[in-house]
Structures are given as structure tokens and as C-alpha cells.
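The structure appears below as C-alpha cells.
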Amino acid sequence: MPRFWCGVDWSESLNDVAVVDASGRMVAHTRVEETPAGVEEILALLGGLRTSHRHSRKQVPVAIETRQGLLVAALRAKDQPVVTINPTVVARYRGRLSPACHKSDRADAVLLANILRTDGALHRPRPARLRRCRAADLGEQQQPDRHPPTYRQPQPQSGRPLLGLRQPHPLTRVPRPL
């Protein structure tokens, strides 16, 4: 079980990053740009949360409201567990915690981390990407796969055409045009 949870309030240029501990208290916060240097800053922040010699940044799940973009692709390429949470769900959590629904980027980052802390079992992490997909996401040159995927050709079923169109039964009467 993780000891820390991270939330990223995503935006076009600046991203707020907050890390909470098991009690829900914010232990780290930073603001990074949507650049490769910003991603490295997030990974350094997560790697610096050492509570023991066995801690790894890969044990800290990251919650974010989007499933696309440089930040998500770069975190997934570095094998960081990323959990996408729908913005509507985040708004509902925010309304549950504060009826006034005050919104700030820093508070949303903390809220995302706490959603993972309290209800992490309800939200699935993004699946691991294949190597060729990681390269395509980050704009790198693709490497050939050792084992290319194999495809099975669809087989016709009991005389029906492959498109699934039904043929009239030979004994049924088809109306003739007048």
C-alpha cells in the first residue's frame, strides 16, 4: 500500500502538484511547467519522499484530470502509475467537502491526491503502455518490435457472409416490384 499520493491539477501551461501522506496532510507542493524539465521536477519530488531505503517514486500513484498530453505521456513512459479521474467526479468531491465550492489550483491538486488516498480502489490506473506507443506519445523514433502482433482472419459462420448481412430464406417470398 502506498504511503504517499500525488495529485496534479493540470492546465495548459502551469501544473500544480501536491503530495499527501496517509493522514491526508499535504507534505509537498510545487508548480511546474508543461515541459520535459517540469516532468523531471515532478519525478524528483516524488523520488525525494523517502521514508525508508525501500521507497521508490513508482510507489506513489499520481491522480490527474486528463488522460492525454505531454505530462501524462512522459509520466507513463517513466513507469509512474497514473490514475485519470474525470473532472466531473472531482467537482462532485469538491462539492461534498465544501458547499461553497471554492476552486483553486493548489486545493484541486490536494483534492486529487486525497481522492486517491481515500477511494483509490474505485479508480484504476492507466494501463502500461507498449514500447512502440510510448515512443509515439513522446515523438521519439519507433523501434521495431521483437514479436510483431499476429492477426486472425475472420472465418465465415455457417454460410453467412462476413459482413453479417442476412440473406432471405429460400422459402420466403420476396415482394416483386410493380
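The values are calculated or read from the model by the stated rules, or taken from the named source; none is laboratory data. Just so it is clear, the structure is predicted and the values come from calculations on it, not from any experiment. Glycine also receives a Cβ, built like all others from the backbone with ideal geometry; neighbour counts cover every protein chain displayed.
Condition check ((1) farther than 15 Å from LEU116 by Cβ; (2) among the polar types (S, T, N, Q)) across all residues:
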{"position": "ARG3", "(1), (2)": "no, no"}
{"position": "ASN15", "(1), (2)": "yes, yes"}
{"position": "VAL20", "(1), (2)": "no, no"}
{"position": "HIS29", "(1), (2)": "yes, no"}
{"position": "GLU40", "(1), (2)": "yes, no"}
{"position": "LEU49", "(1), (2)": "no, no"}
* When you scan the range 38-64, how many residues do you find that are assigned to a strand (DSSP E or B) and either free of Cβ contacts under 8 Å to residues at least 60 places away in the same chain or more than 16 Å from SER11 (Cα to Cα) (or both)? -> 2
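Quick grid of which residues meet (1) loosely packed, with under 12 Cβ neighbours inside 10 Å; (2) of a type in the set (A, V, I, L, M, F, W, C); (3) at pLDDT 85 or above; (4) not in a helix (DSSP H, G or I):
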site: GLN80; (1), (2), (3), (4): no, no, yes, yes
site: VAL83; (1), (2), (3), (4): no, yes, yes, yes
site: THR88; (1), (2), (3), (4): yes, no, yes, no
site: ALA100; (1), (2), (3), (4): yes, yes, no, yes
site: LYS103; (1), (2), (3), (4): no, no, no, yes
site: ASP108; (1), (2), (3), (4): no, no, yes, no
site: ALA121; (1), (2), (3), (4): yes, yes, no, no
* Do any residues in the range 26-37 that are closer than 16 Å to LEU71 by Cβ have Cβ atoms under 8 Å from those of residues that are loosely packed, with under 13 Cβ neighbours inside 10 Å and of a type in the set (D, E, K, R), where the two are at least six apart or on different chains, and which pairs are they? -> GLU34/GLU12
* So how many residues does the range 5-34 have that are more than 18 Å from the chain's Cα centre (by Cα), within 23 Å of ALA73 (Cβ to Cβ) and not in a strand (DSSP E or B)? -> 1
